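The values are calculated or read from the model by the stated rules, or taken from the named source; none is laboratory data. Please read all numbers here as calculations on a predicted model, not as lab measurements. Don't worry about glycine lacking a Cβ; one is built from the backbone with ideal geometry, like all the others, and counts go over all protein chains shown. Calculation scope for accessible area: heavy atoms of the full protein, side chains included, ligands and nucleic acids excluded. Shrake-Rupley method; radii C 1.70, N 1.55, O 1.52, S 1.80 Å.
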Amino acid sequence: MKRNFNKILIAGTAMIAAVACNNNAEWTLKGNISGVDGDGNVVVLEGVNAFGNWQAVDSLKVDSDGDFSTKQPAQTYPDIFRLNYGGRYIYFPIDSIDNLTVEAEAGAFDTKYTLTGSEDADM
C-alpha cells in the first residue's frame, strides 16, 4: 500500500512540475504612436522594483509605422507599469493575462492617448 502511495505521489509531483514549467501565461501590450519620424524610435516599458523605484523591464522598438508590442510573463497580482517615450509617460494597470492596446501621438505621448483592453485600463 505504501509503495503505491509513493508512486502516486511521485507521479503527481512530476505532473505538477511539468504543468508549472509549461505555463505560457503572459500579458500583451500592443501600440501605435502616430507621428513618429522613421525607424529607430524606442519605447521603454518600466515597472516598479522591490525598493519602489521605476526600472526598465524591456525596450520596445517602434517601427516606421509607429507600431510596437511586447509579451511579458503573467502577473500573479495586479501591478502598475508605464511606457516611457522621450521622457513622457503613460501609466497602465496589468492584472494577470491582460491584452492591452495603446494609441498615442508622438508629440503629446503622455496626454493624447487611448488605452483599451481591460476594465481597469478603460477607467
field: Selection from segment 48-66 of residues that are open to solvent by 70 Å² or more (accessible area, probe 1.4 Å) and not hydrophobic (A, V, I, L, M, F, W, C)
entry: 53, 55, 59, 61, 65
task: Please go through segment 91-107 and pick out each residue that is open to solvent by less than 60 Å² (accessible area, probe 1.4 Å), assigned to a strand (DSSP E or B) and among the hydroxyl-bearing types (Ser, Thr, Tyr).
output: 101
field: Subset of segment 108-123 [surrounded by 11 or more Cβ atoms within 10 Å (Cβ to Cβ), modelled with pLDDT under 95 and either touching a Cys at 6+ places or on another chain (Cβ under 7 Å) or in a helix (DSSP H, G or I) (or both)]
entry: 120, 121
query: Of all residues in segment 69-90 being open to solvent by less than 50 Å² (accessible area, probe 1.4 Å) and more than 10 Å from residue 110 (Cβ to Cβ), which is modelled with the lowest pLDDT?
result: 75
- request: Those residues that are exposed (fewer than 14 other Cβ atoms within 10 Å of the Cβ) and outside any loop (DSSP other than H, G, I, E, B), I need them from segment 19-47; list them, please.
  value: 19, 20, 21, 34, 42
field: Of residues in segment 91-107 being among the acidic types (Asp, Glu) and over 24 Å from residue 37 (Cα atoms), the one modelled with the lowest pLDDT
entry: 95
- request: Could you list, in sequence order, all residues of segment 67-123 that are out of contact with any Leu (no Cβ under 7 Å at 6 or more places or on another chain), aromatic (Phe, Trp, Tyr) and under 13 Å from residue 31 (Cα atoms)?
  value: 85, 109, 113
